[in-house]
Amino acid sequence: MAKKIPVKDFEPKIVVFACNWCSYPAADAAGINRMQYPPNVRIIRTMCMGRVNPGHVLKAFEMGADGVLVSGCHFEDCHYSFGARKAAEQYKKLEQIVRMLGFEKERIRQEFISAAEFPKFVKVVREMVEQVQKLGPTPLKGVRKVPSRKQVESIMESPPS
Amino acid sequence: MMDVGRHPHIKLFTHTEVLEVTGKAGNFKVKILHRARFVDENECTACGDCAEVCPVVAPNEFDEGLGLRRAIYSPFSQAVPSAYIRSDMDCLGTNPIACGKCVEVCQKKCVNLDMPDKIEVLEVGAIIVATGIDYYDPREASEYGYTRFQNVVNSIELERLLSPSGPSGGKLVRFTDQKPPKRVSFIQCVGSRCIRRDIPYCSRICCMNAVKSALLIREMYPDAQIDIFYIDIRAFGKGFEQFYQRALQEGNINFVRGKPSRLEEDPKTGDLIILSENVETGKTERLRTSMVILSEAVVPAANSHELAKVLGARTDARGFFLPKDACGDPITSTNEGIYLCGCSTGPKDITDSIAEASGAAVRAAQYLSPYKLPEVKEEIPDYDISGPLRVGVFVCHCGSNIAGVLDVDMLKIYAASLPDVVFSDNLLFACAESTQRLIQEKILENKLNRVVVAACTPRTHEPIFRETLRKVGLNPYLLEMANIRDQCSWVHGMNPVSASAKAKDLIRMAVAKARNLEPLEQQEMEIGHNVMVIGGGISGLETAIQLAKRDYTVYLVEKSKQVGGWVKELRILYPSGMSGQELIDTKLKEINKEKIKIFTEAAIENISGFVGNFEVTLRAANGKPAPETLQVGAIVIATGFELYGPSKGEFGYQKYPNIITNMELEYLLKPQDKFIFQNKPLKHVSFIQCVGSRGPDGLPECSRYCCQAAIKQAIALQKMGIQATVFNRDIRVYHHEAETMYREARKLGVTFIRYTPENPPKLVGDKQLKALQFREPVLKKDIEVPTDLLVLSVGMRPSRKSIAEIQRFIKVPLGMDGFVLEKHPKFGPVETNIEGVFICGCIQGPKDISDSIGQANAVAAKVDALLARSTILMEPITSVINEELCRGCGTCVDVCEFGAISLQEKEGAQVALVNEALCKGCGTCATYCPTGAIDIRHFRDQQIESMLKAFLLEEDRV
């Protein structure tokens, strides 16, 4: 099963953008209920998932994130009533950009998780970590710093999916 | 619950009973008994150490006994107050030799096993009863074998089983074999609508609850068979009918009309056999199913009779509190100064309960001081934040909650090594009062100008630490929190090494953001204290009356010659028996002429401004120039509904002369006791329900009022010796007393016949309608019902004209049904997503009189809550436009549904302008701006980027 994992014991770095009203409290509730998930995620709070634009996600990748999760309220629960809906529109754009850039679409994910759905939050994080672990480190790793020759080559060689 | 728990003006007493009430409205003395909780409520941090060492295991009441808890426990995960509680029944005892482990383990010394009960006397102006409901014990309906058969569960148990945080983790399995059920059958009206069980009323919530649960089960088990046995599906609320239709069409749920007579268990498999008569075919059927859910009735809260005695208020025989007038004033109890809301007066859903709750609040407030809140001025010292960055980091231990997992000493040293950090320290409990003062001392001592608190979640504690900063004069927005408890030590308890590494990242990210924070000022804005109410129907009138009682000046605008709307046309109201005009007259007597200015035959010429500062210009509707400009702080829209007008030929309307609508019948019935139509006495009158409701033509949802109205009219006819027949799809009499009226109608001999939209009754007759023909399913025969007059019960529909008129000035969003969309269907039924603009009555969706009055009171409460101060503070987290980058394309204007952005001419070019009073700071506009000209304060691009950078690029620096 572990055959396809390119780097053994690879600990991916995953950025989570979570909205203040639903998904961030869901992450808190996971803690209150002492549910355990892998320590690979760092949550950045925004007021609404509508605040997160494709640029923020791409910036995270540019800086070497292995995966990005954008999470917010369900459409009908959105604190700002239209933010989540608009975020879903933006996410479509992001998917296109990611496809055009040629790296795995499994590195990004959008979820709608209400404050009560903390088990879902844990499940999504677990799945995300597992999935990114299978994909291996981001091809953009270290691009922002001076990349080594080997890294540049590996980027050139990795075929667009 | 969180809001109540931390509201500065609410004192919450849980685990408390009312012993005695003396005095009268405006001046009650209430003696209450605080039962000991054995844990200090103010000191407990809900760390859970005590529960961990507690050796006792007891059934968890919140999980209906399906899960377990300790003798010292938190009742459920979002409980308010969050403090733990000890059960005296389960605890091994106070003797430390017996146990006392919790006392030993608590680091904050909160557990006191000798805590006594306390009696306190409170002085209050008004009392609100919101005691809610209990559930009928389905064991009384022994034919369904609840508790005898393991796979029969009630709806509350099902709710816990389906909950992701419930005892089974959200998996629905059978109790006998722990396997997913192949077939789930719901039985409705267990106890409800049943005189034999002494529950004559409809429980109102169970139909939608069953449909919702059925759809959840459908999601979980796409192949399971799901049945719902019902008498009528009462999907009467806004959007409910569409939900029911979705269950019918997409949910593949089998709705069976009929109430099963009994259940049998197959002891080998644990399967259940349902015996029921299918009323649509007349056959008795035996149906094998794997699980049965009983939708049990709702009954008044236990002890409500005793409470009523203490309060001096009256209840009905079952124990529901009696309002003064169920139709015209559902909130006032029989004892002045005591108000009722929610299910204390009868079963209600969340939306209606919330509306009534707000209504009760505004009534109670009338006994308190006039609307202005006391203004507290406090001295805040000046604090100089100029000069180089000086960041202070405080790492909280939270007892052992953080320190037990993370290496807090290492974190303190690590924090000190981060750029611009000049101070770092550990705190045992950062939130404790004494520690707050310590933080303030350290801020002053070290001249800190940015503060990072690494502790729990900013969702609950950011306000506390912001206040700490504010008190020393440091701008509260220069605080950043690192959530190293809820999102680190608690979720990675098994992995302390990685957790400490993660905590380092979180602190580094918080410091990075703190270094990029800017001070923000909350702008104070003066607000007006007059209110504009548009629409003079029952809702508008009631809103105006209640607001005037709270000392606001109200401008009531009505387009026609008289106020009173539809209600004044009604012949008789149930259950009071007064006429619509009488109700309006009683309301008009309450009108305070000094406080309420009524403008009849007036329309809106223009509305401009924003919350607290609207400017409304009126014009006379008949064209006479009488413009008047009024300054108001809030606007209430109560323009009501229109009746559906059947198109020519719909159910023979205007084709036969003897077909009229129910409103036309109301006018005809009004003047005389003898009812004559076309100069002939009548023998047979038929009604057809749901004309223009629940269907593709007209309204997609239920119009709520028509079943009750038709029954009322049918009773009147029947009493005159005219045979009334009501063709219906479901009888939706959901009000507490309406079921009784329905029963009375049947006793009097009114015939009720079902039809489906596919097979409507056929009209028989040439020039005059002679009869209605329908197919009787059991006899399998066509039967003709002689009909001298056919009445079409027409539904409500949104008044497009008046809504369009409002929308010219205020962009209130509309729902799919064309009615104005509320802020939240459950939690904000009278608010719109535009601040300062409210809705009430039928502009939001069909309602009857008592619901409209409930909502009118609710809207008065919301307006009062907004305007009960001289200024309002505006949240400074808003969007800001960089005018140099803005090219005036207007994308943001279209994106923002709050209408907060507009384009303005500036130096010959268009630029976007943010109205900070309307902006809520969600940041969606910034995402859409094609030139990057929009940024969001406190969540600026640069601040988000600095956190990313700290996480991803700076890890190796230290």
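The values are calculated or read from the model by the stated rules, or taken from the named source; none is laboratory data. Worth saying up front: this structure is predicted, and the values here are computed from it rather than measured. Please note: Cβ atoms are built from the backbone with ideal geometry, for glycine as well, and neighbour counts cover all protein chains shown.
For the structure I just gave you, tell me whether B:Thr586 is β-branched (Val, Ile, Thr) and more than 30 Å from B:Ile527 (Cβ to Cβ).
On the way: β-branched (Val, Ile, Thr): yes; more than 30 Å from B:Ile527 (Cβ to Cβ): yes.
It is true that B:Thr586 is β-branched (Val, Ile, Thr) and more than 30 Å from B:Ile527 (Cβ to Cβ).
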Quiz item: Do you know which of the residues in region B:34-67 that are among the aliphatic types (A, V, I, L, M) and within 30 Å of the chain's Cα centre (by Cα) is modelled with the highest pLDDT?
Solution: B:Leu66
Practice problem: With respect to A:Val15, determine if the residue is touching a helix residue (DSSP H, G or I) at 6+ places or on another chain (Cβ under 7 Å), farther than 16 Å from A:Arg126 by Cα and at pLDDT 95 or above. | Solution: no
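Quick check on this structure: which one of A:Arg85, A:Arg99 is over 16 Å from A:Val70 (Cα atoms), in a helix (DSSP H, G or I) and out of contact with any strand residue (DSSP E or B) (no Cβ under 9 Å at 6 or more places or on another chain)? Write out each step before concluding.
On the way: A:Arg85 fails: over 16 Å from A:Val70 (Cα atoms).
When all the criteria are applied, what remains is A:Arg99.
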Practice problem: Out of A:Gln96, A:Gln151, report the one residue that is modelled with pLDDT of 90 or more, surrounded by fewer than 21 Cβ atoms within 10 Å (Cβ to Cβ) and more than 14 Å from chain B (Cβ to nearest Cβ). | Solution: A:Gln96
Practice problem: Write out, first by first residue and then by second, each pair whose Cβ atoms fall under 8 Å of each other, whose residues are 6+ apart or on separate chains, and whose first residue, in region A:12-38, is more than 9 Å from every other protein chain (Cβ to nearest Cβ) and more than 19 Å from A:Gly72 (Cβ to Cβ) while the second is surrounded by fewer than 24 Cβ atoms within 10 Å (Cβ to Cβ) and among the β-branched types (Val, Ile, Thr). | Solution: A:Pro12/A:Val129
Quiz item: Counting only residues that are charged (D, E, K, R) and more than 12 Å from B:Val391 (Cβ to Cβ), which one in region B:443-482 is nearest to the other protein chains (Cβ to nearest Cβ)?
Solution: B:Arg459
Quiz prompt | Subset of region B:553-563 (residues that are in contact with an Asp or Glu (Cβ under 9 Å, 6 or more places away or on another chain), of a type outside the set (D, E, K, R) and closer than 19 Å to B:Leu643 by Cα) | solution = B:Ser560
Self-check item: Residue ID - surrounded by the most Cβ atoms within 10 Å (Cβ to Cβ), chosen from residues in region A:39-60 that are more than 8 Å from chain B (Cβ to nearest Cβ) and closer than 17 Å to B:Met509 by Cβ
Solution: A:Val57
Quiz item: When only residues in region B:901-954 that are facing chain A (nearest Cβ under 9 Å) and more than 37 Å from the chain's Cα centre (by Cα) count, which is modelled with the lowest pLDDT?
Solution: B:Leu953
Practice problem: Being within 11 Å of another protein chain (Cβ to nearest Cβ), touching a residue at least 60 places away in the same chain (Cβ under 8 Å) and within 30 Å of B:Gly166 (Cβ to Cβ) narrows it down to one of A:Ala87, A:Ala116, so name that one. | Solution: A:Ala116
Quiz item: Restricting attention to region B:483-508, and to residues there that are more than 7 Å from chain A (Cβ to nearest Cβ), in a helix (DSSP H, G or I) and hydrophobic (A, V, I, L, M, F, W, C), which single residue is farthest from B:Thr460 (Cα to Cα)?
Solution: B:Val497
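Only one residue in B:Leu92, B:Leu122 is of a type outside the set (Lys, Arg) and closer than 30 Å to B:Thr460 by Cβ. Which one?
Details: B:Leu92 fails: closer than 30 Å to B:Thr460 by Cβ.
Every option except B:Leu122 fails the conditions.
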Self-check item: Odd one out for B:Val497 among (1) at pLDDT below 95; (2) within 17 Å of B:Val391 (Cα to Cα)
Solution: (2)
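Go through region B:746-806 and tell me which strands (runs of 3 or more DSSP E), entirely inside it, have 2 or more residues that are touching a Phe, Trp or Tyr at 6+ places or on another chain (Cβ under 6 Å). If you could, list the steps in order and put the result at the bottom.
On the way: elements: B:751-754, B:762-764, B:771-776, B:781-786, B:789-794, B:796-798.
Of the strands (runs of 3 or more DSSP E) lying wholly inside region B:746-806, those with at least 2 residues that are touching a Phe, Trp or Tyr at 6+ places or on another chain (Cβ under 6 Å) span B:789-794, B:796-798.
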Practice problem: Go through region B:276-296 residue by residue and tally those that are modelled with pLDDT of 95 or more and either of a type in the set (A, V, I, L, M) or at positive phi (or both). | Solution: 4
Exercise. Run B:Ala313 past the list (1) in contact (Cβ under 8 Å) with a residue 40 or more places away in the chain; (2) within 29 Å of B:Ser539 (Cβ to Cβ); (3) not in a loop (DSSP other than H, G, I, E, B) and report the number of the one that doesn't hold.
Key: (3)
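Mind listing whichever residues of region B:407-439 are of a type outside the set (Phe, Trp, Tyr) and touching a His at 6+ places or on another chain (Cβ under 9 Å)?
Start the filter on region B:407-439 by keeping residues that are of a type outside the set (Phe, Trp, Tyr), which leaves B:407-413, B:415-422, B:424-428, B:430-439.
Hits for region B:407-439 are B:Val408, B:Asn426, B:Leu427, B:Leu428, B:Ala430, B:Cys431.
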Quiz item: Any residue in region B:156-166 that is more than 30 Å from B:Gln366 (Cβ to Cβ), within 14 Å of chain A (Cβ to nearest Cβ), assigned to a loop (DSSP other than H, G, I, E, B) and in contact (Cβ under 8 Å) with a residue 60 or more places away in the chain?
Solution: yes
Practice problem: Tell me, yes or no, whether region B:463-479 has at least one residue that is touching an Asp or Glu at 6+ places or on another chain (Cβ under 8 Å), of a type outside the set (Lys, Arg) and assigned to a strand (DSSP E or B). | Solution: yes
Quiz item: Any idea which of (1) modelled with pLDDT of 90 or more; (2) under 25 Å from B:Cys327 (Cβ atoms); (3) part of a loop (DSSP other than H, G, I, E, B) is the one B:Cys707 doesn't satisfy?
Solution: (3)
Quiz prompt | Members of region B:217-233 that are in contact with a helix residue (DSSP H, G or I) (Cβ under 8 Å, 6 or more places away or on another chain), in a loop (DSSP other than H, G, I, E, B) and within 12 Å of B:Lys182 (Cβ to Cβ) | solution = B:Ala224
Self-check item: Single unsatisfied condition, A:Cys78 versus (1) modelled with pLDDT under 90; (2) within 17 Å of A:Glu89 (Cβ to Cβ); (3) at the interface with another protein chain (Cβ under 8 Å from one of its Cβ atoms)
Solution: (3)
Self-check item: region B:824-849 residues that are under 14 Å from B:Gly237 (Cβ atoms) and within 14 Å of another protein chain (Cβ to nearest Cβ), paired with ones that are of a type in the set (Gly, Ala, Ser) and part of a loop (DSSP other than H, G, I, E, B) (beta carbon under 7 Å, 6 or more apart)
Solution: B:Pro825/B:Gly239
Practice problem: Could you please give the count of residues in region B:854-900 that are at pLDDT 90 or above, touching a Pro at 6+ places or on another chain (Cβ under 9 Å) and more than 19 Å from B:Ser539 (Cβ to Cβ)? | Solution: 3
Quiz item: Which of the strands (runs of 3 or more DSSP E) contained wholly in region B:21-133 include at least 1 residues that are buried (at least 19 other Cβ atoms within 10 Å of the Cβ) and away from chain A (no Cβ under 14 Å)?
Solution: B:27-34, B:127-129
Self-check item: Of all residues making up region B:418-476, the number that are in contact with a Cys (Cβ under 9 Å, 6 or more places away or on another chain) and more than 27 Å from A:Ala30 (Cα to Cα)
Solution: 1
Self-check item: Single unsatisfied condition, B:Glu264 versus (1) touching a Pro at 6+ places or on another chain (Cβ under 8 Å); (2) closer than 21 Å to B:Tyr146 by Cα
Solution: (1)
